[in-house]
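Structure record follows, encoded as structure tokens.
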């Protein structure tokens, strides 16, 4: 009796293996699986809006005054002005541009290295509060503006206008 039982099991297993692909396909269709997502449309050849051009060619926007510097520098000079107003003998200094500069520098301008050497650095108490200078840059006072420039070439990288009044 054992032989016919094994034979029946073997025949059933062979039938199942033969019918397996059809059964698997019919079972998958009964699961109500979501259809595959449609293919994405091709990107248009030209966008309707042009890409924004850099403000000044050749200047990396990451090398500029960051938000901390943009907040600390004006507030420092505002505190100094308030202290000077309360002082008995408040001195009013004229903040003229140094010799060799006719107009206030703008981003991308090149300052002569002789003029750069005569510019004043930021006050030491302010420098202690600011983040360290980036490599090959200086933060200098030019008239009423604070300028970040590349020390090797004299190129103006960023300007904080009318900070010192």
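The values are calculated or read from the model by the stated rules, or taken from the named source; none is laboratory data. Note that this is a predicted model, so its numbers are computed, not measured. Methodologically, a virtual Cβ is constructed for each residue, glycine included, from the backbone with ideal geometry; neighbour enumeration extends over all protein chains shown.
Only one entry of 127, 116 meets the criterion of being without any contact (Cβ under 8 Å) to a residue 40 or more places away in the chain and either closer than 22 Å to residue 67 by Cβ or assigned to a strand (DSSP E or B) (or both), and that entry is 127.
Just for the stretch 141-165: of the residues that are within 22 Å of the chain's Cα centre (by Cα) and within 13 Å of residue 77 (Cα to Cα), which one is surrounded by the most Cβ atoms within 10 Å (Cβ to Cβ)? Taking the candidates together, the pick is 146. There is at least one residue in the stretch 131-140 that is more than 20 Å from the chain's Cα centre (by Cα) and either in a loop (DSSP other than H, G, I, E, B) or over 17 Å from residue 62 (Cα atoms) (or both). From the list 149, 97, the lone residue that is in contact with a strand residue (DSSP E or B) (Cβ under 9 Å, 6 or more places away or on another chain) and modelled with pLDDT under 90 is 97.
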